[in-house]
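Quick notes on the structure that follows.
The values are calculated or read from the model by the stated rules, or taken from the named source; none is laboratory data. For clarity, every value in this text was computed on a predicted model and none was experimentally measured. Methodologically, a virtual Cβ is constructed for each residue, glycine included, from the backbone with ideal geometry; neighbour enumeration extends over all protein chains shown. These accessible areas exclude ligands, DNA and RNA; they are computed on the full protein's heavy atoms, side chains included. Shrake-Rupley method; radii C 1.70, N 1.55, O 1.52, S 1.80 Å.
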Amino acid sequence: MKIHNTLTRKTEEFVPIEKNKIKMYVCGPTVYDYMHIGNARPLVVFDTFRRYVRYRGYDITYVVNFTDVDDKIIKKSIEENISTKEVTDRYIAAFMEDANDLNLDEANTIHPRATEVMDDIIEFVSELIKKGAAYEADGDVYFRVEKANNYGKLSGKNVEDLVHGASNRLDNKEASKKESPVDFALWKKTKIDGEVSWDSPWGAGRPGWHIECSTMNKKILGETIDIHAGGEDLEFPHHENEIAQSETLNEKTFANYWMHNGMIQVDGTKMSKSLGNFFTLHDIKKEYDLMVIRFWLLTTNYRQPINFTREIIEGAKNSLDRINNAVFRLEDLVENASENELFDDEQNLLNELIDFENKFIEVMDDDLNTADAITVLFELVKFANTKVSSENSKKLIKSVLDKILELEEVLGIENRQKVNAEVDEAKILDFIEQRNAAKKEKDFAKADAIRDQLKEMGVAIKDTREGVKWELI
Ligand SMILES: [Zn+2]
């Protein structure tokens, strides 16, 4: 299996530290708001990577952290007059709902929170000071970048250029505390009374963002991990600084492979709150099942930018419906097939299934090419639609169905909504009208009977303030 390693800028054969085992850390969200589609991309991409390596026989330990102490979280807690924990608990709960809808394998994900490892963070910073790689300045602690070996090796940046760039940006107060303008904060002194803080040898304060990830990595996965991953916007400074801290303290390679996903564009431009083209999963869910979002995110190679437009999402929904319909059709065929044993002329069809699987593995082995993997899945769906019918044996139909489900499982795709071609919208609306009339006449038995009749057609109705809504079940 090959993966593109940002550290070497090459696609390399993946070699784990320990045979058949993978230790992987993905930088997770700062939990002060609902997740947006930009947050969803690394979660979906690396969840798919995790599913795939499991399929290939690896035992993977998979960590996605929550950054639960941060300026934005503090700001929100002040605005709403609640504790920072209330803010983060609320958005972690919302994260879990979205994660479930995106079919992320939460049961097998470790989610550390920065605030749960505060003692370890303080110890990490103290050790760096002892080594001469960090210094305290008026209650803040900074990392001494000149003490790091090869600073800039991940992002390809040069320290002298960074010094030049940074000295233009710093305000005087911050600059006077730092020995060098590129030094970065490990610990930040509490500035506002009542702000959430932790006691430390340097007074009340809270950790910087980078040190949180270095500490959680070390505590849960150890000093050297196989893969560190995240969005490409984290390459610098976040990941560069994680490497500097961890490798300076541990004197070992921090992560052997670095994987970064590309960014999301909306209608071809960068997504940002200030441009107003910002989409949360919470809002998207009102219109689309998040399985459509998962599917869409996998239709492009994870390192490329991916474009979000209504037409593209609508297209993804239609593609997903095609797969769903093929699966539901096969399920019906299996149920109604009577002949259990394989017919003579079906053996070559079974062989073709192996070809689909091999092709799937070939493209996924090539740096997780999910775009081509979905193409293989569509070829398999076409094969099912054109070569499998009620004339086939149960064994053959079931083998084709199982192969589609197996590949879907690797991609994390679930067949959620049964699209019933038999359903006639006009007929449904007619029924709803009859039920409304029955209710008006207080003939509740008749109204209930109509509801049951709709249910038999696979339609659920709901009485809302805006009137009766219906959906397929
Ligand atoms: Zn991180």
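Tell me, yes or no, whether the stretch 200-211 has at least one residue that is farther than 20 Å from V141 by Cα and open to solvent by 40 Å² or more (accessible area, probe 1.4 Å). Within the stretch 200-211, not a single residue is farther than 20 Å from V141 by Cα and open to solvent by 40 Å² or more (accessible area, probe 1.4 Å).
The rows are residues; the columns are (1) crowded, with 22+ Cβ neighbours inside 10 Å; (2) over 19 Å from P112 (Cα atoms); (3) at pLDDT below 95.
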residue: W198; (1), (2), (3): no, no, no
residue: M216; (1), (2), (3): yes, no, no
residue: S246; (1), (2), (3): yes, no, no
residue: E251; (1), (2), (3): no, yes, no
residue: V266; (1), (2), (3): no, yes, yes
residue: K273; (1), (2), (3): no, yes, yes
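Within the stretch 7-25, the set of residues being out of contact with any Lys or Arg (no Cβ under 9 Å at 6 or more places or on another chain) and within 16 Å of the ligand (Cβ to nearest atom) comprises K23, Y25.
Applying the criterion of being over 21 Å from D183 (Cα atoms), more than 18 Å from the chain's Cα centre (by Cα) and not in a strand (DSSP E or B) to the residues of the stretch 254-272, the residue that is nearest to the ligand (Cβ to nearest atom) is S272. Checked against (1) of a type in the set (A, V, I, L, M, F, W, C); (2) touching a Lys or Arg at 6+ places or on another chain (Cβ under 9 Å); (3) at pLDDT 95 or above, I74 passes all but a single condition, namely (3).
When you scan the stretch 313-329, do you find a residue that is open to solvent by 30 Å² or more (accessible area, probe 1.4 Å) and aromatic (F, W, Y), even just one? Taking every residue of the stretch 313-329 in turn, none turns out to be open to solvent by 30 Å² or more (accessible area, probe 1.4 Å) and aromatic (F, W, Y).
Which one of these is at positive phi, at pLDDT below 95 and surrounded by fewer than 17 Cβ atoms within 10 Å (Cβ to Cβ): N149, N81? Step through it out loud before you land on a result.
On the way: N149 fails: at positive phi.
Checking each option against the conditions leaves just N81.
Selection of the stretch 330-339 for residues being assigned to a loop (DSSP other than H, G, I, E, B) and either touching a strand residue (DSSP E or B) at 6+ places or on another chain (Cβ under 7 Å) or open to solvent by 70 Å² or more (accessible area, probe 1.4 Å) (or both) yields S338, E339.
Being out of contact with any Cys (no Cβ under 7 Å at 6 or more places or on another chain), open to solvent by less than 30 Å² (accessible area, probe 1.4 Å) and more than 16 Å from the ligand (Cβ to nearest atom) narrows it down to one of R56, R50, so name that one.
Values: R56 fails: open to solvent by less than 30 Å² (accessible area, probe 1.4 Å).
Step by step, each of R56, R50 is checked, and only R50 is out of contact with any Cys (no Cβ under 7 Å at 6 or more places or on another chain), open to solvent by less than 30 Å² (accessible area, probe 1.4 Å) and more than 16 Å from the ligand (Cβ to nearest atom).
Residue count for the stretch 400-425, restricted to those that are open to solvent by less than 70 Å² (accessible area, probe 1.4 Å) and either among the β-branched types (V, I, T) or at pLDDT below 90 (or both): 7.
Can you tell me how many residues in the stretch 180-237 are of a type in the set (F, W, Y) and either more than 16 Å from the ligand (Cβ to nearest atom) or assigned to a strand (DSSP E or B) (or both)?
The initial filter retains those residues of the stretch 180-237 that are of a type in the set (F, W, Y), namely 184, 187, 198, 202, 209, 236.
Add one more test, that the residue is either more than 16 Å from the ligand (Cβ to nearest atom) or assigned to a strand (DSSP E or B) (or both), and what stays is 184, 187, 198, 202.
Selection size over the stretch 180-237: 4.
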